[in-house]
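Working notes, beginning with the structure itself.
Every number in this text was worked out from the coordinates using simple rules, so none of it is lab data. Keep in mind the model is a prediction, meaning the values are calculated, not measured. With ideal geometry, Cβ positions are generated from the backbone for all residues, glycine too; neighbour counts draw on all protein chains shown.
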Amino acid sequence: MKKIVLIAFIALSALYSRAQSLTTDTLKLEEVVVSAPRLINYTTGAKVQRITDLTQEKNRANSVADMLQQATLASIKSYGVDGLTSVSLRGAGSNHTAVVWNGFSLQSPMNGGVDMSQWPAGFIEDVQVQYGGAGALYGSGAIGGVVHLNNTLQINPDFSTSVTHQLGSFHSYSTLASFKMGTESTGHALKIYHKSAENNFEFINTQRINSPRERTSNAAVKKIGILQSNAIALGKSKLETHLWYEFNDKEIPPNMFKATNEAQQEDEHFRGVVSFSSPWQQHNFHARAGIFLEKTDYYNPETTDGEPGSLSQAQSVRTEVENDFRVAEHITLNTGLHYAYLWSNASTYPIGTNQNRASIYSSLKLFSKNNQWASTLTLRQEFVDDHFTPFIPSLGLRYSPIKQVSFQANLARNYRLPTFNELYWGNWGNPDLQPEDGYSSDLGIKWIEALGNNTLELGSTVFHSRIQDWIIWVPAQGKWSPDNVQKVWSRGVEVDAKWTYHTGQWRTTVNARYGFTRSTNEGEHSAKQGKQLMYVPQHETKTSATVRYKKHSFTYFHSYIGKRYITEDHSGLPIEAYHTGSVQLSTTLEWQPVNIRLAAHINNLWNASYQVMAFYPMPLRNYQFTIEFSFK
Amino acid sequence: MKTKRTHLQWAFALLFIAAIFTACDDDDNNIRGTFDKGVLISNEGSFGTGNGSISYYSYEGDSIANNIFQEVNGRQLGDVVQDIETHDDKVYIVVNASNKVEIANRFTLTQKATLEGLKGPRYAEVAGNGQLYVSQWGENGQIRVFHKETYENADTLNVGNGPEELLAYQNYVYVANGGGYGYDNTLTVINTNQNEVVDTIEVGDCPKSLVMDANDKLWVLCHGYITYNNDFSINIQTPSQLVQINPENNQVLQTIDISQTMHPGKLAISRDGNTLYYGGGYGVQGIYAMNINETSAPGEPFINVAAYGFGTEPDKDVLYVGVAPSFSESGKLIRYDYAGNKLGEYTAGVGPNGIGKTPERPF
């Protein structure tokens, strides 16, 4: 393996040095330096879905997770309202989906998960979902896909300020305030979010005698978030900082079997990123560094072990340098180094638990003059402490025979490094674990046709992914321990359609997405063999229709999630399939320079009694009212 | 004429068949429900997913039916089915992490009531007075007593730390104070006439499981006390023991050391009351058999199986062993005869941990 890496890099550097001589002055560099070169330039062949501004605007005070749930085929698992919320893509687990914020993965060193429940959509300007494996581009954990969250801030932005209040059922109040300003060479933004909710909603408790109507208890939350960003122009270079603090104090409600619960939890996160981008001749140089602190304080007075509290915390620092080089007119080369140091002083790990991760990655992109075709080859080699992880290549292709049609193909090897819990937890962790290793491929077609006032977009992707060495906890010598024993085969089809009709002041948009996913347990001769993984629906659809007239809009969302199993061998009852619908009405009143947007939401319009996670009730029909003042 | 006789023959034949069916109906009337001729098995389920369940092993079909509570009542039992107790026509299902006891008809599994508001309930036992005694870890260890018909909480008694199994004998209930997450080394004796604690017997460390033998002597399985370091490696451990007690005067007759490092959690007794079986629990490989007249513990297991739970039953010379390969898939029920021969293996629910027809004095 080492040999291959070496050969590849010799080849690449040869190309690199030869290409330098081809540099010509005729190439015009863009004024704005792209701070996420990999996402924008090197995801060739992958299906990347950008959440439109319109969707974001409607959801500003709601969570990023709600927005992904409505607008994408991402699977959002949430324990009730405001409970732990994770995202996964294409039938993989939640620690198989990377969530990348301003260039760095937010996966917890402890369990590989990311809790999205606290994030208001208004904190993130640019949300994109990359479906399918992207291990070579984004490293460990990018198996099912990547959710990209980017803060974009221009130099010298127009002064603006807005305050959004949202009032909802179950005593839910949230406020999002944002300010933006700048000077000729700077930009500054501040966002503050506060939410409190009782979440004492009614539901039908099908798990008690005679299915009584009950109210959830011990479900209140308080959340605070602050995100401060700066951008500074230094000649043609740009320096950005993003500092994000959040605090979440929540009660943990009982599931449907239990009458009461007294547990509560406080989560605290600090995330900070500094990034520097600088163009020089045919190069765009990027350096970024981040620090990530997480702390969870769980308290359960019902615990009978005499220790009702448990505190866990983990930290990481990550740095990256990356150079995007226009080798020739139709060749670019992006090469980077990533280093991360992760550590935890949680008492369940050995004292001084830490990990060093270093990777080197390189992407070579070739594209035709009129961009009719493009191809990207990416290679990554990661070292964890003194071990090599698998050598990770990927190849993406895009070809447009005619302007309206493009074909995409992607082939990637992917991996996931074991987490601290898997390696070190108690005396059950297994320090000899290998990374999970697999490959994925997908093939897609996209067709866009504009006919008069109509625009129609159709896309379909088939995908296939295998993971060997999937880590699960198994009994060995009378104790439970994680091991690389499971094999998982995921495959499926996604169909996306969008129709837009535009006339005068009217604009109608209809979106429909369908996902078929088979994600099965393979290679084990037991009752689990060939069975769909837990919590992965075989069918899901997400549809929405929006009608806009001037500044008024009406939207209907509908989602269908198919039946899901909650045991690996499908014993017992699955969670039933469910449909949910919601309506949003919005209008904006303009008295320049003040705008007032009013919105009303009706959630769970059809009053469905459903569960996302087994036996955690979700609310019946409920309402939200939003008023937003903005000043430009 | 010939055809006429044929008709008559048909008529007789039909009458005969009808008579058989009627006879069968009569037989059916003696069956008290679908789940009459067999044993009930409790399956713990995986914590947090509410899939604790009851299985039914039928003698007649030599087969198992899973999830029967849910099949009958259209709802699931909840998190961590710790114990089932059958008494007369009722089954009491202790659902530990859901803080409740579900009561259903033992033969039809039709739901009757839910006892809520318990705090970490563990085991249930019906005493001679018909009242239900439930051990719970909450409030520093208590026994909650429920009225047999109204299911009202008649009494609450403070006992030792982490009370586990209970055993009803004459006008008494013996409680094994297992220590919970801490330590205890006592049995509490409750007089069921007044519902009062009348005695506390010192035994080995962390007693968990109780049976009565053929000579009316009480046996206590003591798990041994284990403390862990921060990284969950074992700090100290004391031996597991069997303690024999004379219930006439609550005196300890003898204490037999089992092992310094193996800590079994379950004790059962053969149908004739002469052989003790112990084993089961975390990290314990095998079920051990010991005659009640022996004075030292056997060195080798009687059946080499990693039992998650096991039990005997009063109608047949059979050991029922639950095996849990993981907690996200079905476990297995294995039946053995008293010679240790495997009689059959069946797919059970998740984490099979006990059988609900094991009186502690099955003879």
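In a reduced charge model with +1 at each Lys and Arg Cβ and -1 at each Asp and Glu Cβ, region B:150-273 shows a dipole moment near 280 debye about its Cα centre. Counting only aspartates and glutamates at least 8 places from A:Lys369 when in the same chain, those with an alpha carbon closer than 15 Å to its own are A:Glu329.
Histogrammed with a bin width of 10 Å, the alpha carbon distances of region A:129-242 distribute as 12, 22, 22, 27, 11, 4, 1, 0 percent, first bin at zero.
The mean number of partner chain beta-carbon atoms within 10 angstrom of a residue's beta-carbon across peptide A:567-576 is 6.
In the P(r) worked out for region B:93-154, what percent of Cα pairs fall beyond 15 Å? Beyond 15 Å sits 46 percent of the P(r) for region B:93-154. Here chain B is treated as a Stokes sphere of Kirkwood radius computed over C-alpha pairs; at 37 °C and 0.692 mPa s its diffusion coefficient rounds to 154 µm²/s. Of the three principal axes defined by the Cα atoms of region B:221-301, the extents in descending order read 44, 28, 18 Å. Once you reduce region A:241-273 and region A:99-149 to the center of their Cα atoms, the two points are 19 Å from each other. Using a/c under 1.5 as the rounded threshold, could you call region A:73-131 rounded, prolate or oblate? The axes a ≥ b ≥ c are square roots of the C-alpha gyration tensor eigenvalues, and prolate needs a/b larger than b/c, oblate otherwise. Rounded, since a/c falls under 1.5. For the protein assembly as shown, the C-alpha radius of gyration divided by 2.2 N^0.38 Å, with N the number of residues, is 1.08. Per residue of peptide B:321-331, the mean number of Cβ atoms on other chains within 10 Å of the residue Cβ is 5. Compute a Gaussian network model of chain B, connecting alpha carbons closer than 10 Å, and tell me which residue from B:Ser98, B:Ser63, B:Ser330 fluctuates the most. Of the options given, B:Ser63 has the highest mean-square fluctuation. Region A:326-400 gives an Rg/Rh value of 1.23, both radii derived from C-alpha positions and Rh following Kirkwood.
Taking the convex hull of the alpha carbon positions in region B:109-213 and averaging its projected area over all directions gives 6.9 nm². Estimated from helices alone, the mean residue ellipticity of chain A at 222 nm is -2000 deg cm²/dmol (sum of -39500 (n - 2.57) over DSSP H runs with n ≥ 4, per residue). Computed from backbone phi with θ = phi - 60° and the Karplus coefficients 6.51, -1.76 and 1.60, the 3J(HN,Hα) list for region A:147-154 is 9, 9, 10, 10, 9, 10, 9, 8 Hz; x is used for glycine and proline.
If R0 equals 45 Å, the separation of the Cβ atoms of A:Asn370 and B:Lys119 corresponds to a calculated FRET efficiency of about 0.05. Summing Cβ point charges (Lys, Arg +1; Asp, Glu -1) relative to the Cα centre of region A:488-546 gives a dipole of roughly 140 debye.
Between B:Asn158 and B:Asn140, full extension at 0.36 nm per residue minus the direct alpha carbon distance yields a gain of 5.7 nm. Taking only the Cα atoms of region A:308-440, the radius of gyration and Dmax are 20.0, 65 Å.
Taken one residue at a time, the phi angles of region A:109-122 give Karplus couplings (6.51, -1.76, 1.60, θ = phi - 60°) of x, 6, 10, x, x, 9, 8, 8, 4, 8, 8, x, 4, x Hz. Gly and Pro are set to x. Along the axis of the charge dipole computed for the protein assembly as shown (Cβ charges of +1 for Lys and Arg, -1 for Asp and Glu, origin at the Cα centre), the listed residues A:Asn607, B:His87, B:Tyr151 are led at the positive end by A:Asn607.
log₁₀ I(q)/I(0) of region B:212-360 at q = 0.10, 0.13, 0.18 Å⁻¹, via Debye over equal Cα point scatterers, no solvent, to two decimals? Summing over Cα pairs of region B:212-360 leads to -0.36, -0.61, -1.09. Between the beta carbons of A:Thr587 and A:Glu307, assuming R0 = 60 Å, the FRET efficiency works out to 0.65 to the nearest 0.05.
For region A:162-207, the ratio of Cα radius of gyration to the globular rule of thumb 2.2 N^0.38 Å stands at 1.88. The magnitude of the dipole of the protein assembly as shown, with charges of +1 and -1 set on the Cβ of Lys/Arg and Asp/Glu and taken from the Cα centre, is near 4920 debye. With everything on Cα atoms, drop me the angle between helix B:2-30 and the longest principal axis of chain B, reported from 0 to 90° to the nearest 10. Around 20 degrees separate the two axes. Spacing of the modelled spin labels on A:Val594 and A:Phe625, each 7 Å from Cα toward Cβ, amounts to 1.9 nm.
Considering only A:Ala527, A:Trp506, A:Ala545, the residue lying farthest towards the positive end of the dipole of region A:500-554 is A:Trp506, judged by Cα position with unit charges set on Cβ.
How much net charge surrounds B:Asn185 when only the other residues with a Cβ under 14 Å from the Cβ of B:Asn185 are counted, with Lys and Arg +1 and Asp and Glu -1? Combined, the nearby Lys, Arg, Asp and Glu give -3.
Neighbours of A:Trp506, meaning other residues whose beta-carbon lies under 15 angstrom from its beta-carbon, give a summed charge of +4 when Lys and Arg score +1 and Asp and Glu score -1. Seen through its C-alpha gyration tensor, with square-root eigenvalues sorted a ≥ b ≥ c, region B:133-274 comes out oblate because a/c lies at 1.5 or above while a/b is not bigger than b/c. Applying 1/(1 + (r/R0)^6) with R0 = 35 Å to the Cβ-Cβ distance of A:Ile224 and A:Glu522 gives a FRET efficiency near 0.20. When the listed pairs A:Lys258/B:Lys112; A:Lys236/A:Lys446; A:Lys77/A:Lys250; A:Lys180/A:Lys542 are checked against a 27 Å cut-off, the alpha-carbon distance exceeds it for A:Lys236/A:Lys446; A:Lys180/A:Lys542. Quick check on my link table: of B:Lys90/B:Lys332; A:Lys528/B:Lys148; A:Lys295/A:Lys365; A:Lys195/A:Lys487; B:Lys148/B:Lys266, which ones sit more than 32 Å apart, alpha carbon to alpha carbon? In this structure, A:Lys528/B:Lys148; A:Lys295/A:Lys365; A:Lys195/A:Lys487 lie more than 32 Å apart at Cα. Converting phi to 3J(HN,Hα) with the Karplus coefficients 6.51, -1.76 and 1.60 and the offset θ = phi - 60°, region A:73-90 yields 8, 5, 9, 9, 10, 10, 7, x, 7, 6, x, 3, 10, 10, 10, 9, 10, 6 Hz in sequence order, with x at every glycine or proline. Other protein chain C-beta atoms within 10 Å of residue C-beta, averaged over A:256-262: 6. Amide H contacts under 5 Å for A:Ala219: none, restricted to partners 5 or more places along the chain or on a different chain, H placed in the peptide plane at 1.01 Å from N. Placing unit charges on the Cβ atoms of the charged side chains and taking the dipole of the protein assembly as shown about its Cα centre, the candidate lying farthest along the positive direction among B:Val134, A:Gln49, A:Pro279 is A:Pro279. Taking a ≥ b ≥ c as the square roots of the eigenvalues of the Cα gyration tensor, an a/c ratio of 1.5 or more together with a/b no larger than b/c marks region B:152-231 as oblate.
Judged by the mean number of other Cβ atoms found within 10 Å, the most tightly packed of the peptides B:72-85, A:288-301 leads the ranking B:72-85, A:288-301.
Using the alpha carbons alone, the radius of gyration of region A:233-285 stands to its Kirkwood radius in an Rg to Rh ratio of 1.46.
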